[in-house]
Amino acid sequence: MNLRFGVIGTGAIGREHIKRISQTLAGAEVVAVTDVNQEAAKQVVADFKLNANVYPDDKALIAAEEVDAILVSSWGPAHEASVLAGIEAGKYIFCEKPLATTAEGARRIVDAEIKHGKRLVQVGFMRRYDHGYVKLKEAIETGAIGEPLMIHAAHRNPTVPETYSTDMAITDTLIHEIDALHWLVNDDYESVQVIYPKKTKNALPHLRDPQLVIIETKGGISITVEIFVNCRYGYDIQCEVVGEEGIVKLPEFSNIVTRKSGKLSQDILMDWKDRFIDAYDIEIQDFIDSISKTGEPKGPTSWDGYIASVTAAACVKAQESGVTETIELDERPTFYEEGAKTNEVSA
Ligand code: NAP
C-alpha cells in the first residue's frame with residue numbers, strides 16, 4: 001500500500017517534493033496539503049493534478065485519517081510545532097531543515113520521540129544521499145586515505161535575496177555542512193570560530209560576506225568552511241578531506257565539455273535545486289522504503305537535527321563574539337545509537 005503523505009508548506013521546496021512524490025518516486029502519494037497561503041495549497045493540487053484534500057492548517061492535516069506521513073516544508077519557525085504534533089499523533093514525519101530553530105526546541109522533539117518509543121522522524125539532510133558524499137564516506141571508512149586530519153569545504157551561492165542576514169550564513173547555508181561533515185568523519189564537534197575576511201563589494205551593507213568557519217572535532221580534525229553567498233559565478237559545493245595517506249575530494253558536478261572559438265569550457269550550475277536533485281529523490285525514496293520494510297525511517301534522525309541546532313547556535317555565538325566557542329552537546333541517548341552515525345542507503 002502507498003505511503004500517504006500530507007504536506008505542510010507548499011512553497012518552493014514543498015512543491016518540488018510534491019512533484020517528486022507524485023511523479024517520480026514509487027510507493028507513495030500526496031493525499032493532503034496545507035499552507036498559510038491557502039491559494040498556494042489549492043494551486044499545487046491543480047498544477048500537479050493531485051487527488052488531495054486542502055486543509056486549513058497543520059493540525060487539521062495531521063489529524064486527518066488518510067494521512068500516514070507528514071512532510072514539513074513550511075518556514076523554519078513553524079517546524080517544531082508541526083513535528084511535535086505529528087509525533088503526538090503517531091505519524092511518520094519527514095522534516096525539512098531546520099528540525100527546530102533552537103537547540104531547546106530540537107531537544108523537545110528528541111524527548112517526544114523517545115517517549116513515543118519508536119523512530120518517526122527523518123530530517124531533510126539530503127547531502128548524505130548525494131553520490132559524491134557517499135563515495136567520500138566510503139573512502140574514509142575503508143581507510144583509503146588513512147586517518148582524516150583536515151577538511152576544507154566551501155559553500156558558494158551566486159547571490160542571495162535582500163532578506164538574507166549574516167546569521168543565515170550559518171542557519172540556512174552552513175547547516176548542510178554542519179550535518180554532512182560530522183557524519184563523514186564519524187566524529188563530534190568540539191569548538192568553532194568564525195572569521196570575516198575582506199568583504200565583497202557585491203554584498204549588501206547589512207551582510208558580512210564571505211565568512212570563514214573553523215571547527216575542531218573532539219578527535220582533533222580541523223575543518224574550514226568558506227561561506228560565500230555573493231560569489232556571482234555559480235552554485236558551487238566543494239569538500240576535500242585530507243588524510244594521512246592521501247586526499248579525497250567531491251567530484252565536479254558532471255556537465256558536457258564544449259570546445260568552441262578557441263576555448264574548452266564547462267557550465268557551472270547556478271541553482272541549488274539542480275545540484276542535489278538526485279539526492280532529494282533518493283532521500284525521500286529511502287524514507288518511503290524504510291518505513292515500508294522496517295516500520296521506521298532510517299535516514300538522518302531527530303538527534304542529528306539536535307546536533308545541527310546546537311552547533312548552529314555555537315557558530316552564531318562565535319560570529320558575534322569573534323572568539324572560539326565551545327560546542328556542548330547532551331549525551332547521545334541510546335535510542336539514537338543505531339543509525340545515528342551510519343546511513344545505509346537502500347535506494
Ligand atoms: P518558501 O518558498 O518560503 O515556502 C515556505 C512555505 O511555507 C510558504 O508557502 C509559506 O507561506 C508557508 N508557511 C509559512 N508559515 C507556515 C505555517 N505556519 N504553516 C504552513 N505553511 C507555512 O520556503 P522554501 O524555500 O520552500 O523553504 C521551506 C523550508 O525548507 C525551510 O525551512 C527551508 O530551510 C527548507 N529548505 C531546505 C532545502 C534543502 O536543501 N534541504 C532547500 C530549500 C529549503 P507564505 O509564502 O505565505 O509565507
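Some points to look at:
- The stretch 261-317: C-alpha gyration tensor shape, a/c 1.5 cut-off, then a/b vs b/c: oblate
- About the Cα centre, charge dipole magnitude for the stretch 144-270 (Lys/Arg +1, Asp/Glu -1 at Cβ), debye: 940 debye
- The residue among T334, V67, P56 whose Cα reaches farthest toward the positive pole of the charge dipole of the chain, with charges on the beta-carbon of Lys, Arg, Asp and Glu, is P56.
- Diffusion constant of the chain at 4 °C, which comes from Stokes-Einstein with the Kirkwood Cα-pair radius and 1.567 mPa s, µm²/s: 62 µm²/s
- For the stretch 144-270: accessible area per residue (Å², 1.4 Å): 50 Å²
- Net charge of neighbours whose Cβ lies under 14 Å from the Cβ of A112, counting Lys and Arg as +1 and Asp and Glu as -1: +1
- Against the chain, whose longest principal axis is taken from its Cα atoms, helix 38-47 shows a tilt of about 90°.
- Probe 1.4 Å, all protein chains present, accessible-area order of I21, I282, I247, largest first: I247, I282, I21
- Shape of the stretch 229-331, Cα gyration tensor, a/c cut at 1.5: oblate
- Acute angle (nearest 10 degrees) that the helix 277-294 long axis makes with the longest principal axis of the chain, alpha-carbon atoms: 50 degrees
- Accessible area of the stretch 87-149 belonging to carbon and sulfur atoms, whole % at 1.4 Å probe: 52 percent
- Net charge, I175 excluded, C-beta distance under 14 Å - Lys, Arg +1, Asp, Glu -1: -3
- The chain: angle of helix 103-116 to the longest principal axis, Cα-based, in degrees nearest 10: 50 degrees
- Remark: the stretch 132-198 carries a charge dipole of roughly 340 debye about the Cα centre, counting +1 on each Lys and Arg Cβ and -1 on each Asp and Glu Cβ.
- Packing around the peptides 178-188, 215-225, 133-143, taken as the average count of other Cβ atoms within 10 Å per residue, puts them in this order, highest first: 178-188, 215-225, 133-143.
- Normalised by the number of residues in the stretch 9-159, the mean separation of alpha-carbon contacts (under 8 Å, six or more apart) gives a relative contact order of 16 percent.
- Charged side chains reduced to their Cβ positions (Lys and Arg at +1, Asp and Glu at -1) give the chain a dipole of some 1040 debye around its Cα centre.
The values are calculated or read from the model by the stated rules, or taken from the named source; none is laboratory data. Because the structure is predicted, anything quoted here is derived from the model rather than measured. Cβ sites come from the backbone with ideal geometry, for glycine too, and all protein chains shown count toward neighbours. These area figures cover heavy atoms from the full protein model, side chains too; ligands, DNA and RNA do not enter into them. Shrake-Rupley method; radii C 1.70, N 1.55, O 1.52, S 1.80 Å.
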